[in-house]
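Working notes, beginning with the structure itself.
The values are calculated or read from the model by the stated rules, or taken from the named source; none is laboratory data. The model shown is predicted, which means the values in this text are computed figures rather than measured ones. Neighbour counts run over all protein chains shown; Cβ positions are idealised from the backbone, glycine included.
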Ligand code: DI6
Ligand code: FE
């Protein structure tokens, strides 16, 4: 045959995770890759010819399951320093807000990140990235937000981009200048927001270091009116919009995000029904972060029933960060999403595949197994896709295909 496929993977089971719903299971399947994209998939019995006649290379995966490569759409993975001491304080009764008010919290990571060289920051971040990659993650979002000045925010975003050059993973970067008020602007939050909008964001946009803009809209973060200014600047620079909304209180942040056609609103424990309805209208997806909920011993759960009622796509992410979610396992988040928030294993897996791609605005490229999509695929030694949310602390990933290139895991 002319124009053979590059590789044909045979003897697989597929969970294609189609956008329309369901696992999209195909048993006894084959999947072909050409030029880094999925060229064919279906039952082996319906292959148009003998495998060797169809592809340059044929590989038998021995009954492994294939899912889309996993997508972690919300992380703060690039940072320096360590906050285990604050964890100890919290276990003795202090709250996250208490610690933040006394110069700890985000600001302590800002100090360490500013002090770190770019190389040191890269090395520290690589250690956290690798466990994700070994669990089948092929796309990961990384936020800035621990630099809080132009130079250090740029340093963080450069490190994030370099991680994608050095490792087999696609990195989406998000500018989170509006994460906290830095010490030099203490008591002058509005002045800091002006610098975010008029200096930092334009400099970062010019260097094309960010795909999206985010903020921490909270009583211990920024007010909706301040976030509105940041979103106006983001819109001017044609950057996508996301928001940390309603994690600790209801600020109507999700409704603001919806008004700006944000791709996602994240956390959402305290979101109101009317804001969920607004998200449905604007196509803003809901990113749930069970690691932070667990770590802060929160009790108010995000309103999954309203998300289902209004058909707002549900996404799960790690929120990997040194304060509230020192998590480097996306599979663990599937389990927590089910046990803590009441998701089904299928919803949880959709939350790190097809729906997670929507939370990054890249649903046309990755997140489902479909002809034409990028061949980013995770291979698993499991009996059923629900196993991915069921097991705790067990990694059944046996291989990863990224842009068509295979590597074995373990
Ligand atoms: N919400 C969070 O959960 C993280 N940032 C945010 O805006 C916490 C970041 C940290 O404590 O370092
Ligand atoms: Fe976060």
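One table, with the values for the structure above:
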{"item": "Search result, residues across segment 191-226 that are in a helix (DSSP H, G or I) and touching a helix residue (DSSP H, G or I) at 6+ places or on another chain (Cβ under 7 Å)", "result": "191, 192, 193, 196, 197, 199, 200, 201, 203, 204, 224, 226"}
{"item": "Exclusive hit being out of contact with any helix residue (DSSP H, G or I) (no Cβ under 6 Å at 6 or more places or on another chain) and not assigned by TED's automatic domain parsing to the domain that holds residue 273, set 378, 389", "result": "378"}
{"item": "Looking only at segment 175-190, and only at residues there that are assigned to a loop (DSSP other than H, G, I, E, B) and more than 16 Å from ligand 1 (Cβ to nearest atom), the one that is surrounded by the fewest Cβ atoms within 10 Å (Cβ to Cβ)", "result": "187"}
{"item": "Some residue of segment 118-135 being under 30 Å from residue 6 (Cβ atoms), touching a strand residue (DSSP E or B) at 6+ places or on another chain (Cβ under 8 Å) and not in a helix (DSSP H, G or I)", "result": "yes"}
{"item": "Residue ID - nearest to ligand 1 (Cβ to nearest atom), chosen from residues in segment 66-94 that are assigned to a loop (DSSP other than H, G, I, E, B) and without any contact (Cβ under 8 Å) to a residue 24 or more places away in the chain", "result": "94"}
{"item": "Residue count, segment 241-282 (criterion: in contact (Cβ under 8 Å) with a residue 60 or more places away in the chain and either under 15 Å from the mean Cα position of the chain (by Cα) or closer than 23 Å to residue 354 by Cα (or both))", "result": "4"}
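Okay, residues lined up against (1) outside the structural domain of residue 17 (by TED's automatic domain parsing); (2) in contact with a helix residue (DSSP H, G or I) (Cβ under 6 Å, 6 or more places away or on another chain); (3) within 16 Å of ligand 2 (Cβ to nearest atom):
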site	(1), (2), (3)
75	yes, no, yes
79	yes, yes, yes
82	yes, no, no
88	yes, no, no
91	yes, no, no
95	yes, no, no
103	yes, no, no
112	yes, no, no
115	yes, no, no
